[in-house]
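Step one of this worksheet: look at the structure below.
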Amino acid sequence: MQPAARQNAIYWALLAAAFAVALTASWTSFGAQIDNDAYDTMFRLYQPPPWQPQSILLAIDDRSLNAYGGVPGLRKPLAEALELIDAAAPKAVAVDIILADRTDPKIDARLEQALHATANLVLACQLLPDDSGWEDPLPIFRAQAAELGHVHAEPDELDSVGRSIPLEKAAGHDRRWALSLAAYRLSRGGAQIIESPRDLNVGGVVIPSTFAGGRLMRIRYAPPSVKIPRVSMKDLLDHPGLASWFKGKVVFAGVTSQIAAKDWLFTPYSAGRPMVGVEIHANAFETIAQGLFIRDAPPWTVLAFSLLLVVALGVTYSRLRPLAANGLGAAILVTAHVTPYWFFTHRIFFSFATPVSAAWLSLITAGSYQFLIVRRRLRLSEADRDRYRQTIHFVTHEMRTPLTAIQGSSEMMSRYALPEQKRKQIADLINAESKRLGRMIEMFLNVERLSAGQMELKKETFSARELLAACVQRALPLAERKQIRILTAALAEDLVLAGDRELMEYAFYNLLTNAIKYSPPRTQVTLAAVRKHDHSYISVEDQGIGMDQKEVKKIFQKFYRTKRAEQSGEVGTGIGLSIVEQIITQHSGTIEVMSRPGQGSRFTIVLPASVPAAVVKQS
């Protein structure tokens, strides 16, 4: 795998890991609490259009409790209040008081008569704490009710905030609907409740409440702009004319004193002040009556949106410049925060924790990775620039030698009257040095054209043994100065290579001179050339300074030199092996390197096998 492809694979793997971490975190209790907090915040921020409440509270407040002797003394005034309310013709009456205990028979009889006279009456019931069954009103009261409705709310286990209400509860096979749902059904003429796994249909109104989720319905609590009217029971009894307020309304009667009430909960609007149960049931009724249902977005849409954010951030930071990427990344991050609120304004709760955590983790991961990559590329670019300057310096130094010879020889010919033989000798020197300089320039240009794909290779066949022999002959003076032996016994005579002979000679000569340069005196360099199956193997092995594996991976990079090479005192640019690799690659070959520090190196060029030498000679 190429370095760029490897970096790209690592980049996307890190983003995938960030997405997995974000997804896992959003499924924990911490993520659920973030969703709850976001839900409450959006609930307070978004104000739906005001509506006219269809319900009213008969509030048994502190004044009423004090006036009638507390909860035990409520049945007589409750009977009187119900009689007044019934005369005003309400649509339905829901009593949020469990009338399960006997009191004075005369008072109970009075209440029984009042309940009997009340149309569309719903009485409260609740499951017993030990789940053994229902706590119902006394039979004399129950017989007067059109329906029983449970009074259970469903506070969140994490923070005890009441955001939803279960529309049904069951003890064995005995199932009861919620007080609010029962009151709504009766107020619509006793409409039948049609059930499906995803919702309930009451007289054409579809209530989103899945069976798998326990028939929970999110409550759209009335905003500050909408006040559910309430009348104190004491005020009603003191001023019977207030009964007109109840005309055509659904009445919820219950204790509103936070001191006496046991069924109060915090809500998204609470701000530290809890809401009593009867008011919660009235808000649940308004949710159904106004059709202000808050649905949960399907999990797959949240997952798909979060994944889209991760991909968008990944592409942004991999394709754009840092400044533009940061700008677009910030916009994507804002989108992740705003999208759940946009859905909420359309009465859909879209998870906040999942997309936001995915966006943040992906942005941090993508930004950090690209920052590190850019920093690394910058360092490499600066290092390459320094090596390039060194190379230019070296190349100009190498060119200076033939240029000096040409300049000095031509000056000598122009200033002095030289014998013809001497003039011819100097002219030959100028010609040889100019050709040498031309070949040097042409070699560098050809290699650059090859790497850029602007030059085609020459197609010729030649003997590998003859080519290597020419390289050895050129390198002998350098080897003799260091008393290094060049062994060539393992050169196959019939090995034929195909391609550009001049470039191949450059490649082999470079490997041979490197082996001599970086070998200590009185050692040996071995050349071998064999054919195995469909490939030719030409190797150059020395007993020199060697390299570790980390250095071996880098030696074909332009301008790279190992620490041992730099410490050896030998002049070099680090570009030779890069050129060799380009030449061999253009010939559809590869280079294998085996090396150990202090024990030498072996470079093996592997090329596709060509026709036998006999065929070349015949042609």
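Summary table
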{"read-out": "Residue ID - nearest to A38 (Cα to Cα), chosen from residues in the stretch 292-343 that are touching a residue at least 40 places away in the same chain (Cβ under 8 Å) and of a type in the set (G, A, S)", "value": "A297"}
{"read-out": "Qualifying positions in the stretch 236-282 - closer than 18 Å to L84 by Cα, exposed (fewer than 15 other Cβ atoms within 10 Å of the Cβ) and charged (D, E, K, R)", "value": "D238, K247"}
{"read-out": "Leading residue by the ranking (nearest to V93 (Cα to Cα)) among those in the stretch 231-259 that are touching a strand residue (DSSP E or B) at 6+ places or on another chain (Cβ under 8 Å) and modelled with pLDDT under 95", "value": "G254"}
{"read-out": "Cβ pairs under 8 Å, 6+ apart, first in the stretch 204-232 and over 22 Å from A297 (Cα atoms), second of a type in the set (K, R) and not in a loop (DSSP other than H, G, I, E, B)", "value": "S232/R63"}
{"read-out": "The one condition in (1) out of contact with any Lys or Arg (no Cβ under 6 Å at 6 or more places or on another chain); (2) surrounded by 17 or more Cβ atoms within 10 Å (Cβ to Cβ); (3) at pLDDT 85 or above; (4) closer than 11 Å to S595 by Cβ that D548 fails to fulfil", "value": "(2)"}
{"read-out": "Close pairs (9 angstrom Cβ cut-off, 6 or more residues apart or separate chains): without any contact (Cβ under 8 Å) to a residue 12 or more places away in the chain in the stretch 33-47, among the acidic types (D, E) anywhere", "value": "D37/D159"}
{"read-out": "Residue list for the stretch 153-174, filter: more than 40 Å from the chain's Cα centre (by Cα) and buried (at least 18 other Cβ atoms within 10 Å of the Cβ)", "value": "K169"}
{"read-out": "Only one of A124, A109 that is within 26 Å of L84 (Cα to Cα), among the small types (G, A, S) and surrounded by fewer than 19 Cβ atoms within 10 Å (Cβ to Cβ)", "value": "A109"}
{"read-out": "Tally, over the stretch 22-58, of residues that are in contact with a helix residue (DSSP H, G or I) (Cβ under 7 Å, 6 or more places away or on another chain), farther than 30 Å from P240 by Cα and surrounded by 15 or more Cβ atoms within 10 Å (Cβ to Cβ)", "value": "9"}
{"read-out": "Extreme residue, farthest from L181 (Cα to Cα), among residues of the stretch 222-252 that are under 52 Å from the mean Cα position of the chain (by Cα) and outside any loop (DSSP other than H, G, I, E, B)", "value": "R230"}
{"read-out": "Single residue of the stretch 344-353 satisfying the filter (over 24 Å from F30 (Cβ atoms) and in contact (Cβ under 8 Å) with a residue 12 or more places away in the chain) that is surrounded by the fewest Cβ atoms within 10 Å (Cβ to Cβ)", "value": "T345"}
{"read-out": "Yes/no for T488 being over 23 Å from Q543 (Cα atoms), modelled with pLDDT of 75 or more and part of a strand (DSSP E or B)", "value": "no"}
{"read-out": "Positions within the stretch 34-64 being of a type in the set (G, A, S) and under 45 Å from the mean Cα position of the chain (by Cα), in sequence order", "value": "A38"}
{"read-out": "Criterion violated by A100 - all others in (1) free of Cβ contacts under 8 Å to residues at least 60 places away in the same chain; (2) among the hydrophobic types (A, V, I, L, M, F, W, C); (3) not assigned by TED's automatic domain parsing to the domain that holds G277 satisfied", "value": "(3)"}
{"read-out": "Every residue from the stretch 253-309 that is touching a Gly at 6+ places or on another chain (Cβ under 6 Å) and assigned to a loop (DSSP other than H, G, I, E, B)", "value": "D263, T267"}
{"read-out": "All helices (runs of 4 or more DSSP H) inside the stretch 47-145 with 2 or more residues being of a type in the set (K, R)", "value": "75-87, 105-117"}
{"read-out": "Residues located in the stretch 175-189, provided they are exposed (fewer than 13 other Cβ atoms within 10 Å of the Cβ) and either part of a helix (DSSP H, G or I) or not basic (K, R) (or both)", "value": "G189"}
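Here's the yes/no breakdown for (1) under 44 Å from the mean Cα position of the chain (by Cα); (2) at pLDDT below 90; (3) outside any strand (DSSP E or B); (4) not assigned by TED's automatic domain parsing to the domain that holds L476:
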| residue | (1), (2), (3), (4) |
| --- | --- |
| Y537 | no, no, no, no |
| L577 | yes, yes, yes, no |
| I591 | yes, no, no, no |
| M594 | yes, no, no, no |
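The values are calculated or read from the model by the stated rules, or taken from the named source; none is laboratory data. All values reported here derive from a predicted model rather than from experimental measurement. Counting neighbours? That spans all protein chains shown, and the Cβs are built from the backbone with ideal geometry, glycine included.
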